[in-house]
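**Q** There's a structure below that I have some questions on.
Bear in mind that the values in this text are calculations on the coordinates, not laboratory data. Here the structure is a predicted model, which is why all the values come from computation and not from measurement. All Cβ positions, even for glycine, are placed from backbone atoms using ideal geometry, and neighbour counts span all protein chains on display.
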Amino acid sequence: MTLPLKIAKILVQLINGASIANSLAKNKVIDELVVERIIYRKGKHKKKLELVNKKALQTYLANQLQINDLNKYILALEDKNSSRAEFVKITTDSKKSKERAFKGFLVNSYNCIKAELNNKSIIINPIKGSFIFIHDYESFKIPKEITIIGVENAKNFSQIQEQKYLFKNLNPLFVSRYPQNQNKDFIKWMSSIPNNYLHFGDFDIAGIGIYLNEYKKHLSGKSTFFIPENIKSTLRKSGNRERFNNQKINFQIDSIQESKILNLIEIIKTEKKGLDQEYYIETDSQR
């Protein structure tokens, strides 16, 4: 995915506080930024775009598009005499780009899991407040009965102890979606093992889009979307209407074969609400 000059200039306007007509910014990058809640579509008919989080936009550009200075990127595209070497330096020469080369992904667990890494036995059981980063994931092996649960929200990933009631019948290993630039490493690993994948994300159109576009299309029949019991009544009682109003479907409903997801989409459309997965973090008073 590349960033066209026109869209780059629109992003600068958004950074400067402008509100841009949605019709002027039709592009996959914009759609992705809306899904990531970095930009939102404003108004009843979602005709305007506004920036939600400037820092998150800068991080996205650096991690996903290797653009570390948007203004220099625009100048380089406008300058026909700009050399390829100069352009590469503008887009990749930074500390952040070096961090992107750091392969692997974060895992967490509330049960002891016997695993193997570089032909040596290890135990996955991080103490509360810490996680394990798997760097040499090519050699990382776990028992086939373990269910891999991908966690979309960083807070949920860091507080899995408070959500174990949701997964009583599973022996889970949790994997964080963030940092998002490590996601390709996880997909490679997940595709190489026989274990099933369960996606734990937000219960809204954006969350379903993340699952379908980032995971399902790569993992096919071994992946499913986690839907808690009583989701309809929970959405009705505790869902957020603004989340529904500000989100746009970025997937083909006709291509979905998971009946539970189709049912969830209908519930979301009927209730006109979305629900953050943080809702399911159990507090001490709830236990």
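**Q** Holding the Cα-Cα limit at 21 Å, pick out from 42/272; 28/217; 6/103 the pairs that are longer than that. Present the calculation step by step, with values, prior to reporting the outcome.
**A** Working: 42/272 16 Å; 28/217 17 Å; 6/103 32 Å.
Those over the limit are 6/103.
**Q** Which ³J(HN,Hα) values, rounded to whole Hz and listed in residue order, are derived for segment 140-150 from phi using the Karplus coefficients 6.51, -1.76 and 1.60 in 6.51 cos²θ - 1.76 cosθ + 1.60 with θ = phi - 60°, glycine and proline given as x?
**A** 7, 10, 9, x, 5, 7, 6, 9, 7, 10, x
**Q** Once fully extended, how much extra length lies between residue 27 and residue 256, figured as 0.36 nm per residue of separation less the alpha-carbon to alpha-carbon distance?
**A** 80.1 nm
**Q** I've got another one for you. I want to check the label-to-label distance for residue 154 and residue 265. Put each point 7 Å from Cα in the C-beta direction and report it in nm to one decimal.
**A** 3.1
**Q** Show me 262-268, 52-58 ranked by packing, highest mean number of other Cβ atoms within 10 Å first. Mind dumping the intermediate values first?
**A** Details: 262-268: 16.7, 52-58: 14.6.
In descending order of packing, they fall as 262-268, 52-58.
**Q** Taking 30 Å as R0, compute the FRET efficiency from the Cβ-Cβ separation of residue 178 and residue 69 and round it to 0.05.
**A** That pair, residue 178 with residue 69, gives E of 0.80.
**Q** Moving on to the next point. Ordered by residue, what ³J(HN,Hα) values in Hz, to whole numbers, does segment 184-196 give under the Karplus form 6.51 cos²θ - 1.76 cosθ + 1.60, where θ = phi - 60° and Gly and Pro are x?
**A** Computed from phi, the couplings for segment 184-196 are 4, 5, 4, 4, 4, 5, 4, 6, 9, 10, x, 5, 7 Hz.
**Q** Search the structure for amide H atoms under 5 Å from the amide H of residue 67, placed 1.01 Å from N in the peptide plane, and list their residues when 5 or more places away or on another chain.
**A** 62
**Q** When the chain is fully extended, how far beyond the present Cα-Cα distance does residue 46 get from residue 238, taking 0.36 nm per residue of separation?
**A** Values: separation 192, 0.36 × 192 = 69.12 nm, distance 2.33 nm.
Length gained between residue 46 and residue 238: 66.8 nm.
**Q** Also, quick follow-up: Rank by packing, highest mean first: peptides 142-154, 113-125, with packing defined as the count of other Cβ atoms within 10 Å averaged across residues.
**A** Details: 142-154: 18.4, 113-125: 13.4.
Going by the mean number of other Cβ atoms within 10 Å, highest first, we get 142-154, 113-125.
**Q** Could you state the per residue volume, in Å³, of the convex hull enclosing the Cα atoms of segment 101-227?
**A** On the way: hull volume 13.4 nm³, N = 127.
For segment 101-227, the hull spanned by Cα atoms encloses 106 Å³ per residue.
**Q** For the modelled label position 7 Å from the Cα of residue 272 along Cα-to-Cβ, which residues of segment 179-214 have backbone nitrogen atoms closer than 11 Å?
**A** Answer for this model: none.
**Q** Mind scanning 55/184; 184/260; 184/232; 47/188; 47/184 and naming the pairs with a C-alpha gap bigger than 30 Å? Intermediate values should be presented prior to the final figure.
**A** Numbers: 55/184 23 Å; 184/260 26 Å; 184/232 33 Å; 47/188 38 Å; 47/184 33 Å.
Table pairs above 30 Å Cα-Cα are 184/232; 47/188; 47/184.
**Q** What is the set of long-range amide H partners of residue 147 at a cut-off below 5 Å, with H atoms built 1.01 Å from backbone N?
**A** 171, 173
**Q** Assign unit charges at the C-beta atoms only (+1 for Lys and Arg, -1 for Asp and Glu), then state the dipole size of the chain relative to its Cα centre in Debye, rounded to the nearest 20. Present the calculation step by step, with values, prior to reporting the outcome.
**A** Numbers: 47 positive and 30 negative charges, 128 e Å.
The dipole of the chain has a size of about 620 debye.
**Q** Mind checking which of 213, 252, 195 is farthest towards the positive end of segment 183-287's charge dipole, using Cβ charges of +1 (Lys, Arg) and -1 (Asp, Glu) about the Cα centre?
**A** The Cα lying farthest towards the positive end belongs to 252.
**Q** For segment 197-287, take the convex hull of the Cα atoms, compute a quarter of its surface area, and give me that in nm², please.
**A** Details: hull surface 25.0 nm².
About 6.3 nm², averaged over all directions.
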